[in-house]
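Novice: Can you keep this structure in mind? I'll have questions shortly.
The values are calculated or read from the model by the stated rules, or taken from the named source; none is laboratory data. Given the structure is predicted, the values throughout are model-derived calculations rather than measurements. Note: ideal-geometry Cβ built from the backbone for every residue, glycine included; neighbour counts use all protein chains shown.
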Amino acid sequence: MTYDAPLTLFEKIWRQHLVKELPGGVALLAIDRVFLHERTGSIALKSLREAGRPIVDPSRVFCTMDHIVDTLPGRGDDTQMPGGRAFIVETREAARAAGIHLFDVRDADQGIVHVISPELGIVLPGTTIVCPDSHTCTQGAIGSFAWGIGSTEAEHALATGCLRMNKPKTMRMTFTGKLAPGVTAKDLSLVMISRFGSAGGNGYAVEYAGSAVEALDIEARLTLCNMATEFSAVTGLIAPDDKTYNYLQGRRFVPQGADWDRAVSSWRQLPSDDGASFDAEHSIDVVDLAPMVTWGTSPQHAVPVTAAVPQQQASGASAEAYARAIGYMAVEPGAPLEGLKIDAAFVGSCTNSRLSDLRRAAMLLKGRKVAPDVRAICVPGSMAVKRSAEAEGLDRIFKDAGFEWRESGCSMCFFAGGESFGPRERVISSTNRNFESRQGPETRTHIASPETVVASAIAGRIADARKLAG
Amino acid sequence: MQPFVRLIAVTAPLLRANIDTDAIIPSREMKTVSKTGLADGLFAGWRYQQIGGREVNPDFVLNQAAYAGTQALLGGDNFGCGSSREHAVWALAEYGIRAIIAPSFAPIFFSNCVRNGILPVRLSAEDVAAIAAWVECNPQQHRVSFDLPAQTVVADEQAYRFELASEPKEMLLEGLDAIDLTLKHAPAIKAFQQADRARRPWIYDIGGR
């Protein structure tokens, strides 16, 4: 498709999926792919079945077991979460009855939805893809419009092939300059959220652009887009380029042969045109950025690992919110974060559990040991990531250092009632949310890059990985 | 879905920013594949003395006699952020909450509210604080009036106008099922898909080796 006026990437995808304009500025938007998981998708499937409504096109619907499934070796349908087995069994039955693609507990392609969707080529540039999961925005890194919805909206997408929505505004967040060694996409996202606030993206589809974004590999771009929901954005997305096509080519569900060539040539039309206008434009110079770590209970409570816990005036939080966060986290205003003693370290989640994350972490871990009394866990994002990591010997490095090496899943990114790190335990975590009790009742979460997590695991204290890398 | 037209409600202030859906309903309280049986777990981490327990925390606003029968909440910025779990909204609705006023809502939560008969009202932080201050003087007497057709909230004899797009407004007023509405456009959807299939066959004909 060609257009007269310069358009943004988001606007192009929007127009290509516009079925009909409805009254009140509402668009009926075609949905190309629906992904479900056993936590929230199970309810959508069950509810549709009870209403007697068929899924309009099951071949474009995918489901995985990631949220509740155990990640301990030798796992089956039983889970540590009380009642978890029922979610898995009911999801399996509903998925089979509906005839949708299912990546079951023992499937070789099982994994976290936002890890396996790009890995299998389910999300493609220019597509619309939804999942009842807030981190669906991760997949915008492929050049798609990918966003999280509720279960009721998932039912709508399944039953009609469309969603009704008001068009979000557009924002371009331009990252200029070149990242220093040891500073990652995770740090970029935390800088952005700390600077503009955790509601800074509210109402927007945010396109990430600029030289620092172009330089990121696809897995790092997925990490950057993953955190768009922590910015309260509708989604984050990045223009597809040759890296995207090279990443996707040959994957299980991508178009083949002549279709591939045709698809790529259409995808090349997607990037925002010169002169395209956005409703908001911001930029961040990345040159002087450092690895980031959170000190409080919102992703916006993030500072460089070399910095101190900010005083209230500089924290961006209200006096009440600040006092609550400081109290919950048991950190001291003005005290350095580096050196703060930790009890646990977690590498995993849809944010940072891909092969490149594990490789970078393993490079720092090699020949070193996790500090005594630190519980350290690594959960690869998919079974394919796990196999690749094992083929390279990364599992040995993690295990020799003292990390548990798990089966793939969301695991301890959140507490579902089963496993937890324990009350008041301090965890350094490569995940996305440091909310109160997110990783377990009263557990204190500091989010950071995988590098910062493993460096801290080795030190037994929050640490600057750049010193370790030497 | 229960329609929302007008409501005069005991309204409880919960003014902290970034009240996330984990706080509204902790994951551990989502025990079965069901949209019901969730009210008991609403705000469980704040409402009860202990994790998993049911001994009430008397300090939590909804546990105070002054706020008995609460049907509306006043919240801080970015209300409902975090997980997309619609359980948060199902739990609020089952508990009896029909409206929430906040300076901003996380987008998925906002949409989930509209689809479950809860009116999300965006007012400035100053207005929310003013309403909260008035309510707190005498929560049972100082009830907040919500008028969706007029798009106003009335508190302390002051009317606050709020914005809401026409479709969510209609859906709330009529208690409409969005799937039924959309299926009326089935011919347009079919026509779109036929044309789109010619343009982008790889979207529809998924091989998958």
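Novice: Of the residues that sit in segment A:62-71 and are buried (at least 24 other Cβ atoms within 10 Å of the Cβ) and not charged (D, E, K, R), which one is farthest from A:D133 (Cα to Cα)?
Specialist: A:V69
Novice: Residue under question is A:T244, and the condition is that it be over 16 Å from the mean Cα position of the chain (by Cα), of a type in the set (S, T, N, Q), more than 11 Å from every other protein chain (Cβ to nearest Cβ) and at negative phi; does it hold?
Specialist: Values: over 16 Å from the mean Cα position of the chain (by Cα): yes; of a type in the set (S, T, N, Q): yes; more than 11 Å from every other protein chain (Cβ to nearest Cβ): yes; at negative phi: yes.
It is true that A:T244 is over 16 Å from the mean Cα position of the chain (by Cα), of a type in the set (S, T, N, Q), more than 11 Å from every other protein chain (Cβ to nearest Cβ) and at negative phi.
Novice: Need pairs with beta-carbon distance below 6 Å; first residue touching a residue at least 24 places away in the same chain (Cβ under 8 Å) and over 21 Å from A:D107 (Cα atoms) and within segment A:373-402, second of a type in the set (K, R) and outside any strand (DSSP E or B); sequence gap 6+ or separate chains.
Specialist: Close Cβ pairs (under 6 Å, with a partner that is of a type in the set (K, R) and outside any strand (DSSP E or B)) amount to A:I397/A:K366; A:A401/A:R368; A:A401/A:K369; A:G402/A:K369.
Novice: Another question, if that's okay. So, of the residues in segment A:1-52 that are closer than 28 Å to A:L270 by Cβ and among the polar types (S, T, N, Q), which turns out to be surrounded by the fewest Cβ atoms within 10 Å (Cβ to Cβ)?
Specialist: A:T2
Novice: Within segment A:278-299, does at least one residue satisfy the condition of being part of a strand (DSSP E or B), in contact with a Pro (Cβ under 7 Å, 6 or more places away or on another chain) and at pLDDT 95 or above? Steps first, please.
Specialist: Of segment A:278-299, the ones part of a strand (DSSP E or B) are A:280-285, A:292-294.
Right, trim to in contact with a Pro (Cβ under 7 Å, 6 or more places away or on another chain) and you get A:292.
Then drop every residue that is not at pLDDT 95 or above, which leaves A:292.
Yes, because at least one residue in segment A:278-299 is part of a strand (DSSP E or B), in contact with a Pro (Cβ under 7 Å, 6 or more places away or on another chain) and at pLDDT 95 or above.
Novice: Restricted to segment B:33-48, and to residues that are within 10 Å of chain A (Cβ to nearest Cβ) and out of contact with any Phe, Trp or Tyr (no Cβ under 8 Å at 6 or more places or on another chain), which residue is surrounded by the fewest Cβ atoms within 10 Å (Cβ to Cβ)? Full working, then the answer.
Specialist: Here is the first cut: in segment B:33-48, the ones within 10 Å of chain A (Cβ to nearest Cβ) are B:33-35, B:44-46.
Then keep just the ones that are out of contact with any Phe, Trp or Tyr (no Cβ under 8 Å at 6 or more places or on another chain); that gives B:34, B:44-45.
Working: B:S34: 14, B:A44: 21, B:G45: 21.
Here the answer is B:S34.
Novice: Kindly establish whether B:Q64 is more than 12 Å from the chain's Cα centre (by Cα) and farther than 24 Å from A:W147 by Cα.
Specialist: On the way: more than 12 Å from the chain's Cα centre (by Cα): yes; farther than 24 Å from A:W147 by Cα: yes.
It is true that B:Q64 is more than 12 Å from the chain's Cα centre (by Cα) and farther than 24 Å from A:W147 by Cα.
Novice: Moving on. Looking at B:N57, B:N63, B:N18, which one is polar (S, T, N, Q), surrounded by fewer than 23 Cβ atoms within 10 Å (Cβ to Cβ), farther than 15 Å from A:F415 by Cα and in contact (Cβ under 8 Å) with a residue 12 or more places away in the chain? It would help to see each step written out before you state the result.
Specialist: Working: B:N57 fails: in contact (Cβ under 8 Å) with a residue 12 or more places away in the chain; B:N18 fails: surrounded by fewer than 23 Cβ atoms within 10 Å (Cβ to Cβ).
Sole residue among the options that is polar (S, T, N, Q), surrounded by fewer than 23 Cβ atoms within 10 Å (Cβ to Cβ), farther than 15 Å from A:F415 by Cα and in contact (Cβ under 8 Å) with a residue 12 or more places away in the chain: B:N63.
Novice: Can you find, within segment A:149-188, the residue that is farthest from A:A94 (Cα to Cα) among those that are within 9 Å of chain B (Cβ to nearest Cβ) and hydroxyl-bearing (S, T, Y)?
Specialist: Going through the qualifying residues, I end up with A:T160.
Novice: Here's another thing I want to ask about it. So, in segment A:26-77, how many residues would count as being more than 10 Å from every other protein chain (Cβ to nearest Cβ) and touching a Phe, Trp or Tyr at 6+ places or on another chain (Cβ under 6 Å)?
Specialist: 2
Novice: Now for a separate question. Residues of segment A:250-267 being part of a loop (DSSP other than H, G, I, E, B) and either closer than 19 Å to A:D32 by Cα or not assigned by TED's automatic domain parsing to the domain that holds A:L120 (or both), which ones?
Specialist: Listed by number, the residues that qualify are A:R251, A:R252, A:F253, A:V254, A:P255, A:Q256.
Residue by residue, here is whether (1) over 19 Å from the mean Cα position of the chain (by Cα); (2) among the acidic types (D, E); (3) modelled with pLDDT of 95 or more holds:
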| position | (1), (2), (3) |
| --- | --- |
| B:R122 | no, no, yes |
| B:N138 | yes, no, yes |
| B:E167 | no, yes, no |
| B:A178 | no, no, no |
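Novice: Continuing with this model, one more query. So how many residues does segment A:437-464 have that are in a loop (DSSP other than H, G, I, E, B) and surrounded by 23 or more Cβ atoms within 10 Å (Cβ to Cβ)?
Specialist: Taking segment A:437-464 first, the residues in a loop (DSSP other than H, G, I, E, B) are A:437-443, A:448-449, A:460, A:462-464.
Those left that are additionally surrounded by 23 or more Cβ atoms within 10 Å (Cβ to Cβ): A:437-440, A:443, A:448-449, A:462-463.
Final tally of qualifying residues: 9.
Novice: List pairs: first residue in segment A:22-40 and over 16 Å from A:T160 (Cβ atoms) and outside the structural domain of A:F103 (by TED's automatic domain parsing), second residue surrounded by 22 or more Cβ atoms within 10 Å (Cβ to Cβ) and small (G, A, S) anywhere in the structure, Cβ distance under 6 angstrom, at least six positions apart or on different chains.
Specialist: none
Novice: Please indicate, with yes or no, whether at least one residue in segment A:189-211 is surrounded by fewer than 24 Cβ atoms within 10 Å (Cβ to Cβ), among the aromatic types (F, W, Y) and within 14 Å of another protein chain (Cβ to nearest Cβ).
Specialist: Yes; the residues of segment A:189-211 include at least one that is surrounded by fewer than 24 Cβ atoms within 10 Å (Cβ to Cβ), among the aromatic types (F, W, Y) and within 14 Å of another protein chain (Cβ to nearest Cβ).
Novice: State yes or no: is A:T229 hydroxyl-bearing (S, T, Y), crowded, with 22+ Cβ neighbours inside 10 Å and more than 26 Å from A:G25 (Cα to Cα)?
Specialist: Judged against the criteria, A:T229 is not a match.
Novice: Take residues that are touching a Phe, Trp or Tyr at 6+ places or on another chain (Cβ under 8 Å) and surrounded by 18 or more Cβ atoms within 10 Å (Cβ to Cβ) and tell me which of the strands (runs of 3 or more DSSP E) falling wholly in segment A:337-434 contain 2 or more.
Specialist: On the way: elements: A:344-347, A:375-378, A:403-405, A:426-429.
Ranges flagged: A:344-347, A:375-378, A:426-429.
Novice: Of all residues in segment A:89-110, count the ones that are under 23 Å from the mean Cα position of the chain (by Cα) and either among the acidic types (D, E) or outside any loop (DSSP other than H, G, I, E, B) (or both).
Specialist: Here the count works out to 7.
Novice: Considering each residue of segment B:96-108, count those that are more than 8 Å from chain A (Cβ to nearest Cβ) and either of a type in the set (S, T, Y) or in contact (Cβ under 8 Å) with a residue 60 or more places away in the chain (or both), and give that number.
Specialist: Looking only at that region, the number is 3.
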